[in-house]
Amino acid sequence: MAVREVKVCLLGESGVGKSSIVLRFVNDSFKPALESTIGASFMTKRLDVDGVSYQFQIWDTAGQEKATFRTVKDWVRELKRNCTTDLVLAIAGNKSDLNDLREVRVREAEEYAQSIGAHFIETSALSAINVPQLFKAIAEELPPEDSISVRPGSTVHLRRHDENKETQTSCCGSKKSR
Ligand code: GTP
Ligand code: MG
């Protein structure tokens with residue numbers, strides 16, 4: 001089976017459960033007293049979806065401040081400002097096991113997600129609810145590999161002066177000679 005590599009970056013405020021989601025997805029485990037992430041951590045996990053094998057390369061970043069729903073919007077704004085490639089966005093409403101302490105209504109979160117073309121899913125790393133489904137939803141949103149285009153400006157043309165061959169490379173893509 002062909003393996004498709006997918007780079008995933010988890011963003012969000014400190015304590016929302018990013019590392020716990022990764023731990024649940026990668027190891028199917030939960031640590032109640034997980035240390036706050038310093039810098040970023042990296043993990044990989046393979047998941048088969050509809051006959052395709054996806055190798056998730058997951059960057060788990062360190063959140064900075066206390067979490068509020070408003071800051072999800074700030075993350076998305078920041079992301080769109082800085083990212084030149086096409087993105088698949090998914091919003092996880094984590095800690096769904098703490099329904100009594102709910103701060104964001106499902107409807108509100110769904111409407112926001114829809115407005116930015118993101119997938120929304122409620123998860124619980126603690127209770128093992130919907131965590132693989134979050135990554136499955138990302139895989140399902142990926143464009144077919146042969147349809148991925150490199151945008152003008154993100155390509156660097158390199159020409160070796162001793163040969164009349166041109167090498168094309170993109171910032172995070174593979175290198176190909178032609
Ligand atoms: P930073 O690394 O500081 O950015 O935080 P983080 O987003 O990685 O959060 P982390 O996974 O470390 O979890 C923070 C706290 O929330 C920990 O005490 C976890 O045990 C708890 N937690 C994470 N996920 C869940 C969940 O689904 N339900 C409940 N009840 N607690 C959770
Ligand atoms: Mg963390």
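The values are calculated or read from the model by the stated rules, or taken from the named source; none is laboratory data. Worth saying up front: this structure is predicted, and the values here are computed from it rather than measured. With ideal geometry, Cβ positions are generated from the backbone for all residues, glycine too; neighbour counts draw on all protein chains shown. Just the protein is used for accessible areas: all its heavy atoms, side chains included, with ligands, DNA and RNA removed. Shrake-Rupley method; radii C 1.70, N 1.55, O 1.52, S 1.80 Å.
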Check your understanding: In segment 50-78, what count of residues is obtained for those that are farther than 30 Å from residue 2 by Cα and more than 16 Å from ligand 1 (Cβ to nearest atom)?
Key -> 4
Point to revise | Extreme residue, least open to solvent (accessible area, probe 1.4 Å), among residues of segment 53-62 that are modelled with pLDDT of 95 or more and farther than 11 Å from residue 8 by Cα | key: 53
Check your understanding: What do you reckon, is residue 47 within 12 Å of ligand 1 (Cβ to nearest atom), among the aliphatic types (A, V, I, L, M) and surrounded by 13 or more Cβ atoms within 10 Å (Cβ to Cβ)?
Key -> no
Review point. Can you tell me which residues in segment 47-65 are of a type in the set (Gly, Ala, Ser) and in contact with a strand residue (DSSP E or B) (Cβ under 6 Å, 6 or more places away or on another chain)?
Key: 53
Point to revise | segment 1-26, residues that are within 12 Å of residue 60 (Cβ to Cβ) and among the hydrophobic types (A, V, I, L, M, F, W, C) | key: 8, 9, 10, 11, 16, 21, 22, 23, 25, 26
Review point. Residue check: is residue 100 more than 15 Å from residue 137 (Cα to Cα), in contact (Cβ under 8 Å) with a residue 40 or more places away in the chain and either open to solvent by 30 Å² or more (accessible area, probe 1.4 Å) or among the aromatic types (Phe, Trp, Tyr) (or both)?
Key: no
Check your understanding: In segment 98-119, how many residues are of a type outside the set (D, E, K, R) and within 25 Å of residue 34 (Cα to Cα)?
Key -> 4
Point to revise | Qualifying residue in segment 1-19 (condition: more than 13 Å from ligand 1 (Cβ to nearest atom), in contact with a Gly (Cβ under 9 Å, 6 or more places away or on another chain) and open to solvent by 80 Å² or more (accessible area, probe 1.4 Å)) | key: yes
